[in-house]
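> Have a look at this one.
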Amino acid sequence: MTEVSGLVVEDLVVEVHGTPAVKGISFELGRGSRMGLIGESGCGKSLTALALMGLLPHGVTASGRVLLGGRNLLDLSDREMCAVRGNDIAMVFQEPMTALNPLMRVGNQIAESLRLHRGMSRAAAAARAVELIERVQLPEPDRTARRYPHQLSGGQRQRVVLAIALACDPAVLVADEPTTALDVTVQAEMLRLMDTLVREEGASLLLITHDLPVVASICEELLVMYGGTIVEHGDVATVFDSPRHPYTAGLKASTVLERTDGNSRLATIPGRVPALGAFPGGCVYRNRCPRADDACRTVPLLTAPPGSRRRAACHHPIESDQSLESGKASA
Amino acid sequence: MTTPPLLEAVDVVREYRSPRRSLRTPGQPVRALDGVSLQVHEGETFGIVGESGSGKSTLSRILMALDQPTSGAASYAGQRISGVPERKLGFLRRDVQMVLQDPMSSLNPRMRVADIVAEPMRSLRLPGDHRARVAELMHAVGLPEEAVTRYPHQFSGGQRQRIAIARALAAGPKVVVGDEPVSALDVSVRAQILNLLTDLAEQFRLTLVLVSHDLSVVRYLCDRIAVMNQGRIVETGDTASIYSDPQHPYTQRLLSAVPTLHGDLLDRFNRSST
């Protein structure tokens, strides 16, 4: 069981103009744990993150429960949510240039959340901002604090966004594709920094990405999302080593570009992600799945085999010593 | 190799002026390319890898005569293409085509797919039945024939990239230059497009030049690669030997920064950067 201070999501449903895009997902993020959430575009990953943060756009509604410190965040008023956001739960966005205010010095942007949530004086907040800039390993913290976002590189801006997110020691850090816009060497530095800081602060991390290797490098647990549902959940290393859900296996095969079939072609997932509301009934993956049959017309439950914590929502899960191709029908 | 290279760059330098900082002095010149030489032979798949700002896109633009070098020259099939007026570049425009990263900005949103794909044939005044050729291309890139009457926004990202590839093939080129052609796509779609590129390169005997920051994509697709850093080619050679035994420190650092599914990235990266 998770400690009280973690984040518990129960039966979260997110509807876009009445069409469910996230269909009742539940998971627990223990204090200090690091969880990856992966899936293709259009699978509901980002909507899940925005729902946790209470940042859903107009016309998109969330129901269910998001429990943090004994409170359901979905029940809070806008005003109450403002006190939680940035303080107890904070977010790192994909594109730092749009997350930062171009007209404000970065030091003031970090200080802003300290003044708001901690009631610090202008001077104390400014001093703390310089310390935070140093913590995210930016050079010359005093001078950097007085710079504007356009004077920093992409990697430096993302460090500033991370400093803002960590300013108030949040219990939960949600990172939505934090390194997708960065070069590989900068990405590696940024991942290393996030890893260190999250460990030192004892915060929980929810890392959302479509890049499987990024998850493998800093997360312990993994949620795989498809069609607004969680299709597989377990320990990162075991899920990648021997995925049970055919979707996870397909993602893995198309990520590992070395693995090729007989004519040296890459393994792919047939078809594409359906549009919102166009996913098939029953198992959401059945129109693309090589193992689908009549049983898949009913919704599979996210269950673990006896004696295991690895849950998969599939009627015909892949057993560990069996490859995907040996499944039922081929597409 | 004894055959002359299809595409060649000799000691190419490209300088840009940075924006001026004062009214009296002009902006400082910045070297985007600093003496780059390379050869791409017919039928090979050549990769140019590097991080943002390394000069890889500038180089690909110079190889297509879309930009002019400050000094040095690029040539195609032995003919100089740098500093040559556009009206004399008809042969190059027919033989070398490009696929860009973001199909949403490289496809005209107001044109139907049929017109987009037929445009190179029209502008190059190629003879033949353009409609039949468009139908043939749609088949080659795996799109339904009725897609020709639709507009780009009615397609998914992967399908749009297929349209961009069909357009690149329309004039019957010998070389296709891809500037980050799969970087904006999801992993599963990326694999589909990479397979398509491999199929088409075989089918139409294309020479592919792939510009990318993604080392795994380049590794899969390319026979030879050039690694760029700060406007220079730091290492060039067979893909297999560069990946198994990188010589230059920058290549070593770049390779060790690529995360893998086995999650040892942080260890490897810490070791290589200290």
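The values are calculated or read from the model by the stated rules, or taken from the named source; none is laboratory data. Here the structure is a predicted model, which means the values were calculated and not measured. Ideal geometry is used to build each Cβ from the backbone, glycine not excepted, and the neighbour counts take in all protein chains shown.
Residue-by-condition table, conditions (1) assigned to a loop (DSSP other than H, G, I, E, B); (2) buried (at least 19 other Cβ atoms within 10 Å of the Cβ); (3) in the same structural domain as A:G202 (by TED's automatic domain parsing); (4) not aromatic (F, W, Y):
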| residue | (1), (2), (3), (4) |
| --- | --- |
| A:A124 | no, no, yes, yes |
| A:E131 | no, no, yes, yes |
| A:P139 | yes, no, yes, yes |
| A:D142 | no, no, yes, yes |
| A:Q156 | no, yes, yes, yes |
| A:I164 | no, yes, yes, yes |
| A:P170 | yes, yes, yes, yes |
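> Please determine, by comparing only the residues of segment B:191-208 that are more than 7 Å from chain A (Cβ to nearest Cβ) and in contact with a Ser or Thr (Cβ under 7 Å, 6 or more places away or on another chain), which one is surrounded by the most Cβ atoms within 10 Å (Cβ to Cβ). Quick ask: steps written out before the conclusion?
Restricting attention to segment B:191-208, the residues satisfying the condition of being more than 7 Å from chain A (Cβ to nearest Cβ) are B:193, B:196-197, B:199-208.
Pick out the ones that are also in contact with a Ser or Thr (Cβ under 7 Å, 6 or more places away or on another chain) and you get B:201, B:208.
Numbers: B:A201: 17, B:L208: 23.
Looking at residues that are more than 7 Å from chain A (Cβ to nearest Cβ) and in contact with a Ser or Thr (Cβ under 7 Å, 6 or more places away or on another chain), I get B:L208.
> Regarding A:V256, is this residue in contact (Cβ under 8 Å) with a residue 60 or more places away in the chain and either at positive phi or of a type in the set (A, V, I, L, M, F, W, C) (or both)?
It is false that A:V256 is in contact (Cβ under 8 Å) with a residue 60 or more places away in the chain and either at positive phi or of a type in the set (A, V, I, L, M, F, W, C) (or both).
> So, in segment B:37-90, of the ones that are among the acidic types (D, E) and in contact with a helix residue (DSSP H, G or I) (Cβ under 9 Å, 6 or more places away or on another chain), which residue ends up nearest to B:T239 (Cα to Cα)? Steps first, please.
Taking segment B:37-90 as the starting set, the residues that turn out to be among the acidic types (D, E) are B:42, B:44, B:51, B:67, B:86.
Checking which are in contact with a helix residue (DSSP H, G or I) (Cβ under 9 Å, 6 or more places away or on another chain) leaves us with B:51, B:67, B:86.
On the way: B:E51: 17, B:D67: 28, B:E86: 34 Å.
Result: B:E51.
> Ok, one more. Against the condition in contact (Cβ under 8 Å) with a residue 12 or more places away in the chain, part of a helix (DSSP H, G or I) and within 14 Å of chain A (Cβ to nearest Cβ), how does B:L169 come out, does it pass? Walk me through how you get there before you give the answer.
Working: in contact (Cβ under 8 Å) with a residue 12 or more places away in the chain: yes; part of a helix (DSSP H, G or I): yes; within 14 Å of chain A (Cβ to nearest Cβ): no.
Judged against the criteria, B:L169 is not a match.
> Residue under question is B:A164, and the condition is that it be within 14 Å of another protein chain (Cβ to nearest Cβ), closer than 30 Å to B:P259 by Cβ, in contact with a strand residue (DSSP E or B) (Cβ under 6 Å, 6 or more places away or on another chain) and part of a helix (DSSP H, G or I); does it hold? Before you say what the answer is, go through the steps one by one.
On the way: within 14 Å of another protein chain (Cβ to nearest Cβ): no; closer than 30 Å to B:P259 by Cβ: yes; in contact with a strand residue (DSSP E or B) (Cβ under 6 Å, 6 or more places away or on another chain): yes; part of a helix (DSSP H, G or I): yes.
No; evaluated as a whole, the condition is false for this residue.
> How many of the residues making up segment B:96-145 are hydroxyl-bearing (S, T, Y) and either surrounded by 15 or more Cβ atoms within 10 Å (Cβ to Cβ) or in a loop (DSSP other than H, G, I, E, B) (or both)?
The first filter runs over segment B:96-145 and keeps only residues hydroxyl-bearing (S, T, Y), leaving B:105-106, B:123.
Then keep just the ones that are either surrounded by 15 or more Cβ atoms within 10 Å (Cβ to Cβ) or in a loop (DSSP other than H, G, I, E, B) (or both); that gives B:106.
Of the residues in that region, 1 qualify.
> What number of residues within segment B:215-247 satisfy the criterion of being surrounded by fewer than 19 Cβ atoms within 10 Å (Cβ to Cβ), within 14 Å of chain A (Cβ to nearest Cβ), free of Cβ contacts under 8 Å to residues at least 40 places away in the same chain and of a type outside the set (A, V, I, L, M, F, W, C)?
Count: 2.
> Take the conditions buried (at least 23 other Cβ atoms within 10 Å of the Cβ) and either more than 30 Å from A:G70 (Cα to Cα) or not acidic (D, E) (or both) and apply them to A:L212. Does it pass? Break it down stepwise before answering.
Values: buried (at least 23 other Cβ atoms within 10 Å of the Cβ): yes; either more than 30 Å from A:G70 (Cα to Cα) or not acidic (D, E) (or both): yes.
The answer is yes for A:L212.
> Now for a different question. Which of the residues that make up segment A:25-41 are closer than 15 Å to A:F279 by Cα and either surrounded by fewer than 20 Cβ atoms within 10 Å (Cβ to Cβ) or away from every other protein chain (no Cβ under 14 Å) (or both)?
Listed by number, the list holds a single entry, A:S41.
> Which condition does A:E200 not pass, out of (1) within 14 Å of another protein chain (Cβ to nearest Cβ); (2) over 22 Å from A:R311 (Cα atoms); (3) surrounded by fewer than 22 Cβ atoms within 10 Å (Cβ to Cβ), if it passes all the others?
Only one criterion in (1) within 14 Å of another protein chain (Cβ to nearest Cβ); (2) over 22 Å from A:R311 (Cα atoms); (3) surrounded by fewer than 22 Cβ atoms within 10 Å (Cβ to Cβ) is unmet by A:E200, namely (1).
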